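Contents: one structure, followed by commentary.
The values are calculated or read from the model by the stated rules, or taken from the named source; none is laboratory data. Everything quoted here is computed from the prediction, not taken from an experiment. Every residue, glycine among them, receives a Cβ derived from its backbone with ideal geometry; neighbour counts consider all protein chains shown. These area figures cover heavy atoms from the full protein model, side chains too; ligands, DNA and RNA do not enter into them. Shrake-Rupley method; radii C 1.70, N 1.55, O 1.52, S 1.80 Å.
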Amino acid sequence: SSETSDHRVAAVLVSGSGPNGMDCAFGENRIFQQIAWGLAQQGVDVLRYDDRTYAYPWDSVALGNTLDIGYETVDDAVSAAALLKGMGYEKVVVIGHSLGGMIAPAIVQESEGLYDGMVSLAGSPRGLAKISYDQNMLFIDTIPDGELKEQNIQYVEQQLALAGTLDSMTEEQLLTTTVFGMSAYYLKSIEDYGIPAIALDLDVPMLFLQGMSDWQVSYEKDYGAWMDILDGKDNVQGQLYMGLNHLFCIPGQYDGDSTDYYMSQMTVNPSVIDDLAEFVLSV
């Protein structure tokens with residue numbers, strides 16, 4: 001019952017790709033810590049945790065190419081909702097960043113009613129291979145015309161084509177193939193969910209937030225894809241932010257890589273935190 005908790009609402013923060021600690025830190029920029037403290041000040045209790053792949057790196061290494069998105073992200077996010085509902089929270093919302101925002105609809109579906117809403121911060125329904133292709137092409141655009149540029153273009157075109165053949169691969173091929181440096185088995189574990197179809201089917205409130213100066217996930221292609229897929233659903237809201245990068249901060253110098261995130265001190269934009277709190281409290 002709600003008497004066991006001062007607040008009736010809680011949020012679970014789910015990080016992006018790679019092993020992340022509970023702060024989701026890029027250098028000294030502790031993005032999840034800033035979001036969690038900001039939400040707490042507005043009456044939202046927040047659960048965040050070290051990723052399995054961060055807390056138990058050797059277990060992840062032992063899994064090798066059999067590591068999938070369930071092990072990496074989905075299972076723990078579902079368990080987090082079960083924990084909070086067991087503590088007496090009436091409403092629980094998942095807030096996923098980047099890959100966490102991409103997989104958020106699957107987390108809600110897998111929770112079988114434990115989650116009452118979801119937020120995607122710079123997530124995408126397009127899949128990791130297409131996003132990697134675009135990121136690579138941004139970098140390739142900076143290479144002077146010539147043989148090196150052509151070789152790079154051929155490589156990324158070939159990798160994108162390979163990503164399109166996951167369904168026809170045997171399990172052995174999936175386990176021994178990499179696409180843009182990622183295990184094909186892992187990529188297929190994400191594709192198998194069918195994120196766009198899940199999102200279209202969900203009836204919980206959904207909020208999609210995207211910075212317009214984000215070079216990793218595009219407001220035109222990725223945020224735009226969510227809006228196209230979910231057009232006309234009355235449980236969907238979206239918000240774009242001028243001048244914010246992938247971390248929802250004011251960007252440093254854009255040079256097609258992540259160096260800025262580690263070099264400069266960044267603050268998550270207060271209006272993003274306000275919008276998150278307003279949404280979570282309204283669910």
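The charge dipole of the range 105-155, taken about its Cα centre with unit charges on the Cβ of Lys, Arg, Asp and Glu (plus for the first two, minus for the last two), comes to roughly 20 debye.
Among Leu244, Ile229, Leu99, which residue has its Cα positioned farthest towards the positive end of the charge dipole of the chain, with +1 placed on the Cβ of Lys and Arg, -1 on the Cβ of Asp and Glu, and the dipole taken about the Cα centre? Of the options given, the answer is Leu244.
Quick check for me: using +1 on Lys/Arg Cβ and -1 on Asp/Glu Cβ, what's the dipole size of the range 186-283 about its Cα centre, in debye to the nearest 20? Here the range 186-283 has a charge dipole of around 120 debye.
Computed over the range 134-230, the P(r) tail beyond 23 angstrom holds 45 percent of alpha carbon pairs. Shape summary: the range 96-166 maps onto an equivalent ellipsoid whose semi-axes, from the alpha-carbon gyration tensor, are 35, 13, 5 Å in decreasing order.
What number, in nm² with one decimal, is the all-direction average of the projected area of the convex hull of the alpha-carbon atoms of the range 38-194? Working shown, then result.
On the way: hull surface 46.7 nm².
If I average the Cα hull's projected area over directions, I get 11.7 nm².
Of all lysines in the structure, those lying under 29 Å Cα to Cα from Lys130, and not within fewer than 8 positions of it along the same chain, are Lys149, Lys188, Lys221, Lys233. The residues Trp226, Trp37, sorted by heavy-atom accessible surface at 1.4 Å with ligands and nucleic acids left out, run Trp37, Trp226 from largest to smallest. Gyration tensor over the Cα atoms of the range 1-84: the corresponding equivalent ellipsoid has semi-axes (square roots of 5 times the eigenvalues, largest first) of 27, 17, 8 Å.
For the listed peptides 125-131, 272-278, a ranking on the average number of other beta carbons within 10 Å per residue, highest first, reads 125-131, 272-278. For the chain, the antiparallel share of DSSP beta bridges with both residues in that region comes to about 15%. For the chain, the percent of C-alpha pairs falling in each 10 Å distance bin, counted from 0 to the bin holding the largest distance, reads 6, 28, 36, 22, 6, 1, 0.
Between the amide H of Phe26 and those of Ile31, distances stay under 5 Å, these residues lying 5 or more places away or on another chain, with hydrogens modeled in the peptide plane. Normalised by the number of residues in the chain, the average gap of Cα pairs under 8 Å and 6 or more apart makes the relative contact order 21 percent.
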